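Just so it is clear, none of the values below were taken in a lab; they were calculated from the coordinates. Just so you know, these numbers come straight off a predicted model, no measurement behind them. We place every Cβ from the backbone using ideal geometry, glycine too, and count neighbours over all the protein chains shown.
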Amino acid sequence: MLEIRFHGRGGTGSVLASRALAKAAFYAGKHAVTFPSFGAERRGAPVVAFVRINEEPIYQRTRIYEPDMIVVLDESLLELIDVAKGLKSDGIGVLNSTKKPGQIKLSKPVKAWVIDANKIACETLGHSITNSVMLGALIRATDIVSLENLEQGILSVFKSKLGENVARKNVEVAEIAYESTMYGTTEGSRNYSDLQPWLPDINELPIGTIIPKTQVNGGQQIGPGSAKTRITGSWSNFKAEINQEKCIQCLQCMFHCPEGTIQQNSEELVVNRRYCKACRICGYICPEKAISMIKINGLSEIIK
Ligand code: SF4
Ligand code: SF4
């Protein structure tokens with residue numbers, strides 16, 4: 001049985017990709033199951049989707065902890081999440097990155113097929129949804145289904161949701177990706193625990209707060225200060241920007257921002273880009289239309 005774990009972001013097509021792959025396996029005469037896993041947040045939040053493909057019927061319905069393959073649809077996730085966690089020693093990665101395989105750092109060396117999926121998607125589809133590009137790269141990395149079966153899978157799943165023209169365009173980008181993927185081995189020296197420090201000491205807690213350190217399934221720690229591990233600003237390349245000349249300091253945006261990321265200093269209101277997830281609520285609520293969304297150049301602007 002082949003077990004594949006997709007890492008993407010909500011609203012960027014990783015679930016559709018996993019369904020198209022499962023359908024392709026079906027067209028190849030195999031058995032397949034797929035299901036996603038979402039957190040409480042939706043668009044932009046990291047999501048995973050799982051696919052199992054087998055010659056025989058599949059009865060396992062658990063999450064995949066030790067995949068044979070990982071597929072990473074969003075390059076920023078390589079910096080934030082240990083996507084190689086549990087990957088089998090002979091497992092492979094299919095990674096969206098502008099870098100060469102040897103320039104990518106994961107938690108361990110991974111034999112990887114790498115493609116600049118955003119570039120191909122933007123040039124061919126006119127947007128940066130990378131799911132069908134990554135499927136083309138995935139089929140290059142494994143012969144679990146043929147390119148023809150993949151095209152049938154994409155057409156079947158994308159057509160019902162996005163229409164025939166869009167589905168055919170996605171078949172086209174899968175074909176381009178199949179020819180453009182680069183093979184190599186990643187570096188294995190990234191330490192993700194640096195991104196998950198435990199957590200503030202008693203002096204850093206807000207006054208009056210008594211929240212004990214808590215462990216949930218798998219030993220993961222949650223509790224006060226967990227914002228340090230949930231850098232919601234990494235969910236989008238757009239950030240809210242306040243036009244100080246238009247702003248009348250009514251504070252509506254500050255009270256409505258779900259991330260609490262708008263702060264008032266003595267002179268003006270400022271957005272903490274590290275936590276702005278570009279939900280745009282502040283822009284809708286602002287009576288003076290003083291808030292617009294601006295594009296940043298990359299995560300390095302907000303994550304030091
Ligand atoms: S877009 Fe506005 S409301 Fe949404 S997180 Fe950013 S600052 Fe807050
Ligand atoms: S809602 Fe608009 S006008 Fe009011 S404080 Fe925020 S940016 Fe300024």
Filtering GluC sites (Glu not before Pro) in the stretch 3-105 by DSSP loop and by at most 12 other Cβ atoms within 10 Å leaves Glu55
Beyond 23 Å (Cα-Cα) in this structure, taken from Lys99/Lys239; Lys161/Lys239; Lys23/Lys161; Lys30/Lys99; Lys246/Lys295, we find Lys99/Lys239; Lys161/Lys239; Lys30/Lys99
The lysines whose Cα lies under 18 Å from the Cα of Lys105, excluding any fewer than 8 residues away in the same chain, are Lys85, Lys88, Lys304
Largest first and rounded to whole Å, the semi-axes √(5λ) derived from the alpha carbon gyration tensor of the stretch 2-191 read 22, 19, 16
The stretch 115-149 scanned against label point 7 Å out from Lys88 along Cα→C-beta; backbone N under 19 Å for 138-146
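Could you work out how much longer the chain between Glu164 and Cys247 gets when fully extended? Use 0.36 nm per residue separation minus the Cα distance between them, nm to one decimal. Write down the numbers at each step before the final one.
On the way: separation 83, 0.36 × 83 = 29.88 nm, distance 4.56 nm.
Going from the current span to full extension adds 25.3 nm.
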Placing each pseudo-label 7 Å from Cα in the direction of the beta carbon, Asp143 and Glu301 end up separated by a distance in nanometres of 4.6 nm
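Full-extension gain between Gln103 and Ser37, please, as 0.36 nm times their residue separation minus the C-alpha to C-alpha distance. Walk me through the numbers before you get to the answer.
Details: separation 66, 0.36 × 66 = 23.76 nm, distance 2.95 nm.
Between Gln103 and Ser37, full extension yields an extra 20.8 nm.
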